[in-house]
Each structure stands twice: as C-alpha cells, then as structure tokens.
Amino acid sequence: SNGHIRIGTFQRLAYLNENENIETLLYYLAKNYFSTFKNEKNVKILSENIFLESVKKIAESIGRIIISGFVHGVLNTDNFNVTGEMFDYGPWRFIDYASSDFTAAYFDYNGRYSFGRQPDAALWALSQLGKSLKKFLSEEKTFGILNQFSKNFHLSLKKHFCWRLGIK
C-alpha cells in the first residue's frame, strides 16, 4: 500500500479535539503522498484537496474490487487508507457469481459489508473523514466533495469492466 494513514486516524484525532495534529497530518500527507499539494500553505484548501483526492482514490478502488468480484470482510474506517487502499481484509472472499447479498465475514449477520453494499461502506467511511475535517471544511464543501464519489465510482466500474472484457 502507498501509506498507512487511515480514515480512523483522523477520526481519533477529531474525537480527541486534536486539530493541530490533524493539521500536521494533512501537511505530512501533502509532503509524502499528495505531492501535487505539497506547497499549499492554506490548511483549508489543503484539507479540501486531500479530501477530494481520497474520495476519488477510494471510489477508484471500490470500482476495481467490485469488477473483480472481491468481497472485503470488514470495510470500516480503520481499513481504508486516505491514499485510497483498503487492507486488513478480515475473512475476505471472491464471489462465484454476482450476488449483491454475498457476505464474506461469518459474523456479518446483517450484510453490512456484503458485496453489493461495499460502495455504501466506502461512502460512509469517507463521510467520517469529512466529519473529522469539520474544523477545516464547511459542511457545504464536505457534501460537495462526497457527491463526487458516485461519479468517480461509476467511471471506475466502466473502466475496469471494459478492461476485463478487453475493450478500449
């Protein structure tokens, strides 16, 4: 994975009201993972840019795993990197056939992380990242950025589905 800074890291800092540490983490991310923004001095603009990139990258990853038939066992905020990767799959599986209700985790009785609900889980996790950045982003900006998820997810589905079929 590109990094190991999780959405949950931001949640914890926000819960503890450690806004200075969130700011430090944003500048660290810009320097090491989002180099396009490394010279940005305004933390509000930086948080907006990093949040938007996280939304795009996670939407891309979710599209890729859906097309591959992968079912993550536990898609919570500690299993999403802000750089777009998922990890710590828990009891993961690949589906034998398309079934939106298929669940990999034996303990997921309600299908929270089922195959078809993975995009919802990703969007929920991203909304938690947005909430964690509330000292730097307005609610309007947060919702505007979260609204980019669907478009980017569907573009990823299209791209990976065509790749799967060998269509350019």
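Remark: the residue 110-residue 17 segment gains 30.2 nm on full extension, using 0.36 nm per residue and subtracting the alpha carbon distance. Taking the average, over residues, of other Cβ atoms within 10 Å as the packing measure, peptides 26-34, 74-82 rank 74-82, 26-34 from highest down. How much FRET efficiency would the formula 1/(1 + (r/R0)^6) give for residue 100 and residue 131, where r is the Cβ-Cβ distance and R0 is 35 Å, rounded to 0.05? The calculated FRET efficiency here is 0.80.
With θ taken as phi - 60° and the Karplus curve 6.51 cos²θ - 1.76 cosθ + 1.60 applied, the whole-hertz 3J(HN,Hα) list for the stretch 135-144 is 6, 10, 10, 6, 4, 4, 5, 4, 5, x Hz, x standing for glycine and proline. Taking the 0 to 90 degree range and rounding to the nearest ten, how far is the long axis of helix 148-165 tilted relative to the main principal axis of the chain, both from C-alpha atoms? For 148-165 against the chain, the angle is about 40 degrees.
Couplings for the stretch 31-37, taken from phi via the Karplus curve 6.51 cos²θ - 1.76 cosθ + 1.60 with θ = phi - 60°, read 5, 9, 10, 10, 4, 4, 9 Hz in order; Gly and Pro are left as x.
Between the helical axis of 43-68 and the dominant principal axis of the chain, each derived from Cα atoms, what acute angle in degrees is found, rounded to the nearest 10? The angle comes out near 10 degrees. The accessible-area ordering, largest first, of the residues 72, 160 stands as 160, 72, per a 1.4 angstrom probe. Computed extension gain for residue 87 through residue 64, at 0.36 nm per residue and net of the alpha carbon distance, reaches 6.9 nm. Positive contributions from Lys and Arg (+1) and negative ones from Asp and Glu (-1), summed over other residues with Cβ under 14 Å from the Cβ of residue 23, come out at +1.
For the chain, what is the calculated [θ] at 222 nm in deg cm²/dmol (nearest 500), taking -39500 (n - 2.57) for each run of four or more DSSP H residues and dividing by its residue count? Display every interim value, and only then the final one.
On the way: 6 runs with 90 residues, N = 168.
Helix contribution divided over all residues of the chain: -17500 deg cm²/dmol.
Going by a ≥ b ≥ c, the root eigenvalues of the Cα gyration tensor, does the stretch 32-102 fall in the rounded group (a/c under 1.5), the prolate group (a/b larger than b/c) or the oblate group? Mind dumping the intermediate values first?
Working: a/c = 3.45, a/b = 2.68, b/c = 1.29.
In terms of gyration-tensor shape, prolate.
Report, as a whole number in µm² per second, the diffusion coefficient that Stokes-Einstein gives for the stretch 1-50 at 25 °C and 0.890 mPa s using the Kirkwood radius over alpha carbon pairs. Using the Kirkwood radius from Cα pairs, D works out to 220 µm²/s.
Computed over protein heavy atoms with a 1.4 Å probe, the carbon and sulfur contribution to the accessible area of the chain reaches 51%.
Take the Cα of residue 139, go 7 Å toward its beta carbon, and none of the backbone nitrogen atoms of the stretch 33-52 fall under 12 Å from that spot.
Taking the Cβ of residue 6 as the centre, find all other residues whose Cβ is under 13 Å away and add up their charges (Lys, Arg: +1; Asp, Glu: -1).
On the way: positive: 12; negative: 78, 85, 88.
Taking every Cβ under 13 Å from that of residue 6, the sum is -2.
Relative to one another, the C-alpha centroids of the stretch 133-168 and the stretch 39-69 are positioned 8 Å apart.
If you take every residue apart from residue 139 with its C-beta less than 15 Å away from the C-beta of residue 139, what net charge results, scoring Lys and Arg +1 and Asp and Glu -1? Around residue 139, the surrounding residues sum to +3. Applying the Karplus relation 6.51 cos²θ - 1.76 cosθ + 1.60 with θ = phi - 60° to the stretch 7-18 yields 3J(HN,Hα) values of 4, x, 4, 5, 4, 5, 5, 5, 4, 7, 6, 9 Hz, where x marks Gly and Pro. Across the chain, C-alpha contacts under 8 Å between residues 6 or more apart give a mean separation that, scaled by the residue count, equals a relative contact order of 29 percent.
Let me know the whole percent of all Cα-Cα pairs from the chain that are separated by more than 18 Å.
Values: 8416 of 14028 pairs.
More than 18 Å apart: 60 percent of the Cα pairs in the chain.
The values are calculated or read from the model by the stated rules, or taken from the named source; none is laboratory data. Quantities reported herein were computed from a predicted structural model and do not represent experimental measurements. So basically every Cβ, Gly included, is an ideal-geometry build from the backbone, and we count neighbours across all protein chains shown. Remember, those area values only see protein heavy atoms, side chains included, never the ligands or the DNA or RNA. Shrake-Rupley method; radii C 1.70, N 1.55, O 1.52, S 1.80 Å.
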